[in-house]
1. Ordered by packing density, taken as the mean number of other Cβ atoms within 10 Å over each peptide's residues, highest first, how do 30-38, 99-107 rank?
2. Can you give the Kirkwood hydrodynamic radius for the chain, in Å, rounded to one decimal and based on Cα pairs?
3. Taking the Cα centre of the range 145-272 as the origin, how large is its charge dipole in debye, to the nearest 20, when only Lys and Arg (+1) and Asp and Glu (-1) carry charge on their Cβ atoms?
4. For the range 276-321, report the % of Cα-Cα distances exceeding 14 Å.
5. Please compute the length gained on full extension between ILE313 and ALA203, using 0.36 nm multiplied by the number of residues separating them and subtracting their Cα-Cα distance.
6. Which one, ASN170, ASN280, ASN147, has the greatest fluctuation when you compute a Gaussian network model over the chain with C-alpha springs under 10 angstrom?
7. What length, rounded to one decimal in nm, is gained on full extension from SER240 through to LEU270, with 0.36 nm per residue of separation minus their alpha-carbon distance?
8. Specify the residue with the greatest mean-square fluctuation among SER189, SER92, SER259, computed from a Gaussian network of the chain linking alpha-carbon atoms under 10 Å apart.
Amino acid sequence: MSFNTFGKIFRFTTWGESHGPAIGCVIDGCPPNILLSERDIQSDMDRRRPGQSKFTTQRKESDKIHILSGVFNGRTTGTPISIIIYNEDKRSRDYESIKEKFRPGHADFTYFKKYGIRDFRGGGRQSARETASRVAAGAVARIILKNLIGSKFNVIGAVTQLGLMSCNKNNWDNKEIRKNPFFCPDKKSVKLWEKYLLAVRKAGSSCGAIIELRASGVPVGLGAPIYSKLDTDIAAALMSINAVKGVNIGAGMSAAYLSGEENSDEIRKLSGKIKFKSNNAGGILGGISTGQGIVASFAVKPTSSILNKRETIDKKGKNTSISVKGRHDPCVGIRAVPIGEAMLSCVLLDHYLMNRAQCG
């Protein structure tokens, strides 16, 4: 299996399987002399960690990271940073009864047809467990960006829609996102979402979600047209996350409903500073950052592993049915927030380093 590496200058390679002894990543292209500790990375890992509420999978993983290389006396050396995360709560027996069947909505069928073998224990490499390694790499990227750009740089994500339930983005509160188990930015929606998701879980089903990411403090000029536009690479990064089926940059698909006057982000100079009247472009024009906030959103499909019986086939091609037991998220999109933040941070750092290399 190729293509386990992401990025051009700031690159990371993830490895490991859901029910293997460990997972991890190797980060290359990290600038030297950046202050970095395991504690700095762990705070982001804790936000993605499973089993923190009744609304996520009850798999208990501490997701404690161990830096094996690339850091000396608390600073990066410029050499590859290797990170390992041990799997502590594996229950492979949960998958014994369905190991000969393909789970609908999962990559079981395509993996088996492509490679002639698959790891049925939680999906192996196709599992969202792999994304823990991405969050570790993203935490490193965020720390480097804050060091290079300054404290004004920030990336934050939130769930703006849970299944059929949307929130009022006019009530967006960064502090509220950290206070509730849904990563919801609108305090008024939390109780409604709780009731809704409990009903979904009780019914043995699942729901999807939309996550919005906002990056502030991004300088003008990031992006390398024609074939490495900033929005191109952001879209590719977010689409690479498990269960993601769609990405919007700025107004995205909604731009089709706007007139030219509504969609154009008019520019003025006020008090000696260039200002945009709106940000339908999501902070990117012609594939290059404008200096506005970067805004991107992505849609996560409903969790494919559900209790309700579904039709499928087995490895021999015979018709059968399946009900997936075990520990699963009723909405996998909830824990995708820190993953989306991580991937956006990695793209922004990669482009920052490319821009510095080309334009000084």
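The values are calculated or read from the model by the stated rules, or taken from the named source; none is laboratory data. The structure displayed is predicted, hence computed values, not measured ones. Cβ: placed from backbone, ideal geometry, glycine included. Neighbour counts: every protein chain shown. The area values use the complete protein model at the heavy-atom level, side chains included, leaving out ligands, DNA and RNA. Shrake-Rupley method; radii C 1.70, N 1.55, O 1.52, S 1.80 Å.
1. Working: 30-38: 15.6, 99-107: 17.7.
Descending packing order for the listed peptides: 99-107, 30-38.
2. Numbers: mean 1/r = 0.0465 Å⁻¹.
Mean inverse Cα-Cα distance, inverted, gives 21.5 Å.
3. Numbers: 17 positive and 11 negative charges, 139 e Å.
So the magnitude is around 660 debye.
4. Working: 701 of 1035 pairs.
That fraction is 68 percent.
5. On the way: separation 110, 0.36 × 110 = 39.60 nm, distance 2.40 nm.
Value of the extension gain: 37.2 nm.
6. Its mean-square fluctuation being the largest, the pick is ASN170.
7. Details: separation 30, 0.36 × 30 = 10.80 nm, distance 3.99 nm.
Once the chain is fully extended between SER240 and LEU270, it gains 6.8 nm.
8. Ranking SER189, SER92, SER259 by mean-square fluctuation puts SER259 first.
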